[in-house]
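As structure tokens, the structure follows; a few thoughts come after it.
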Amino acid sequence: MKNLFTLLFVLHLSFAMLAQESAGIQFEHLSWEETMKKAQEEDKIIFVDAYTTWCGPCKWMTANVFPTEEVGSYYNATFVNLKMDMEKGEGLDFARKYKVRAYPSLLFINGEGELVHQAIGSRAPEDFLDLGHAAMDPDRQAGALMKKYEAGDRSPEFLRKYARAMKESRLADADEAVNTYLDTQKDWTALDNTKFIFDMAPSDKIDHKLTKYIADNKDHFYQVIGQEDVDGKLKMAVLYSVMRQRITELSKVEAAFAKLFPEQGKQFAAEWNLQQLSRSPSSKDQFLDAAVDYFKKYEADNWNFYNSIAWSVYEMTEDAAYLTEAAKWAEKSVALESNYYNNDTAAAIHLKLKNKAKGIKYAQEAIKLGKKDGEDTSATEDLLKQLNEL
């Protein structure tokens, strides 16, 4: 009987695994020549996941995107799907032919071997689905749009489509397409152009023309796009610049931020400094003093920043003076946007401070919000138990 139950369990598990596998993309186990032949016979485009074994985003796509039912349903019906390691076997020649230099590269190739669409980098299931739809739409296919551009189409409507496709696919210089479109526009502040400029501005170039334009016209972009998104994009450009140049001196980081944030350069550089210190165990005392000093000088407008600094203090020290300050920051975080994470932080800090009533209040709120959002609240429930026992 035991063996029968074991057999039934194994069969059940096998069927469950097969069902799960069939829900996602079914990748072919064929050579490139065989794949092209199959695409010709079925009159389909080939989708190629061009990956490497060391690529983290590639692994994330494999675990979280390719297995989803909606993605599998569309891609299996629409494409011949193939995974190819760019550093082994046929992948080496494939990478040279299609100029694959970043991973994952998501390529769409017709049965004649012509690249019709491409994108680089991981994306969520809904965005990956949209990519598949774009690959089937002549008005969005990067390859088809390139041919129209090379044939001389310079109508503004076409140039907008072309610029967006080139930025996503990286098949050609997106800046050329963006500049060609903007040269046709007298009013860059028009709603569509404002959104276009924001989308087309790179997130990693502090000296790019569009990045500077956004920085010089922040109030307008705040009104149309939103301050959090605009500041986030500009900050990212500064941080990439700092990282690429391996800048570590605070004064030089301040100068970099001042290029895009003349009035807030010192504050944002101080935020950067806090994040750096929080990652170094040897800088614990320096971090704690810098955190207190920062919040004496500045008010943050981001719940996550208050919360992350408060949590770092919680992890680093038992000192009541620092923890009391951290409790204030956690509570400010909650005031900005109450969620599971910052309520949990506040509860944890109040537990260390033995503030029973406050700790229980924040722990209960964290559990309520966490359960609502599907979070695992077991750690906070244990926290609440400890608070009740004070």
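The values are calculated or read from the model by the stated rules, or taken from the named source; none is laboratory data. Every value quoted in this text rests on a predicted model; they were computed, and no experiment measured them. Positions of Cβ are backbone-derived with ideal geometry, glycine not excepted, and every protein chain shown enters the neighbour counts.
One line per residue, one yes/no per condition, for (1) in contact with a strand residue (DSSP E or B) (Cβ under 6 Å, 6 or more places away or on another chain); (2) over 15 Å from Phe66 (Cβ atoms):
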position	(1), (2)
Gly89	no, yes
Ala102	yes, yes
Ile109	yes, yes
His117	yes, yes
Leu131	yes, no
(1) in contact (Cβ under 8 Å) with a residue 12 or more places away in the chain; (2) within 27 Å of the chain's Cα centre (by Cα); (3) surrounded by fewer than 17 Cβ atoms within 10 Å (Cβ to Cβ); (4) not in a helix (DSSP H, G or I) all hold for Arg246 apart from (1)
Going through (1) in contact (Cβ under 8 Å) with a residue 12 or more places away in the chain; (2) on the phi > 0 side of the Ramachandran plot; (3) not aromatic (Phe, Trp, Tyr) one by one, Lys195 fails only at (2)
Screening Val71, Val116, Val100 for residues that are in contact (Cβ under 8 Å) with a residue 24 or more places away in the chain, in a loop (DSSP other than H, G, I, E, B) and not hydroxyl-bearing (Ser, Thr, Tyr) leaves only Val100
Per the filter on the range 162-220, residues under 21 Å from the mean Cα position of the chain (by Cα), within 23 Å of Pro138 (Cα to Cα) and assigned to a loop (DSSP other than H, G, I, E, B) are Arg170
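Looking at Leu145, Leu131, Leu210, Leu159, which one is hydrophobic (A, V, I, L, M, F, W, C) and touching a Pro at 6+ places or on another chain (Cβ under 8 Å)? Walk me through how you get there before you give the answer.
On the way: Leu145 fails: touching a Pro at 6+ places or on another chain (Cβ under 8 Å); Leu131 fails: touching a Pro at 6+ places or on another chain (Cβ under 8 Å); Leu159 fails: touching a Pro at 6+ places or on another chain (Cβ under 8 Å).
Answer to the selection: Leu210.
Taking the options Lys252, Lys218, Lys284, name whichever one is on the phi < 0 side of the Ramachandran plot, of a type outside the set (Val, Ile, Thr) and in the same structural domain as Thr317 (by TED's automatic domain parsing).
On inspection, the qualifying residue turns out to be Lys284.
Just to check your reading of the model, which residue among Ala63, Ala39, Ala95 is out of contact with any Pro (no Cβ under 6 Å at 6 or more places or on another chain) and under 20 Å from Glu126 (Cβ atoms)? Walk me through it before giving the result.
Numbers: Ala39 fails: under 20 Å from Glu126 (Cβ atoms); Ala95 fails: under 20 Å from Glu126 (Cβ atoms).
On inspection, the qualifying residue turns out to be Ala63.
Could you check, for the range 262-270, whether at least one of its residues is farther than 23 Å from Tyr362 by Cα and either of a type in the set (Asp, Glu) or surrounded by fewer than 13 Cβ atoms within 10 Å (Cβ to Cβ) (or both)?
Of all residues in the range 262-270, those farther than 23 Å from Tyr362 by Cα come to 262-270.
After this cut, where a residue has to be either of a type in the set (Asp, Glu) or surrounded by fewer than 13 Cβ atoms within 10 Å (Cβ to Cβ) (or both) as well, the list is 262-263.
Checked against the condition, which is being farther than 23 Å from Tyr362 by Cα and either of a type in the set (Asp, Glu) or surrounded by fewer than 13 Cβ atoms within 10 Å (Cβ to Cβ) (or both), the range 262-270 yields at least one hit.
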> Ala163: touching a strand residue (DSSP E or B) at 6+ places or on another chain (Cβ under 9 Å), surrounded by 21 or more Cβ atoms within 10 Å (Cβ to Cβ) and not assigned by TED's automatic domain parsing to the domain that holds Thr62, yes or no?
Replying inline: no
Scanning the range 336-390 residue by residue, those within 28 Å of the chain's Cα centre (by Cα) and of a type in the set (A, V, I, L, M) turn out to be Leu336, Ala346, Ala366, Ile367, Leu369, Ala379
Exercise for the section: Evaluate the range 52-73: report whether one residue or more is acidic (Asp, Glu) and within 18 Å of Gly132 (Cα to Cα). Expected result: yes
Across the range 36-95, the tally of residues that are within 17 Å of Asn110 (Cβ to Cβ), among the polar types (S, T, N, Q) and surrounded by fewer than 17 Cβ atoms within 10 Å (Cβ to Cβ) stands at 2
Of the listed residues (Asn307, Asn302), the one being at pLDDT 95 or above, within 25 Å of the chain's Cα centre (by Cα) and under 30 Å from Pro202 (Cα atoms) is Asn307
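What do you reckon, is Ser203 of a type in the set (Gly, Ala, Ser), surrounded by fewer than 16 Cβ atoms within 10 Å (Cβ to Cβ) and closer than 30 Å to Val116 by Cα?
Numbers: of a type in the set (Gly, Ala, Ser): yes; surrounded by fewer than 16 Cβ atoms within 10 Å (Cβ to Cβ): yes; closer than 30 Å to Val116 by Cα: yes.
Answer is yes for this residue.
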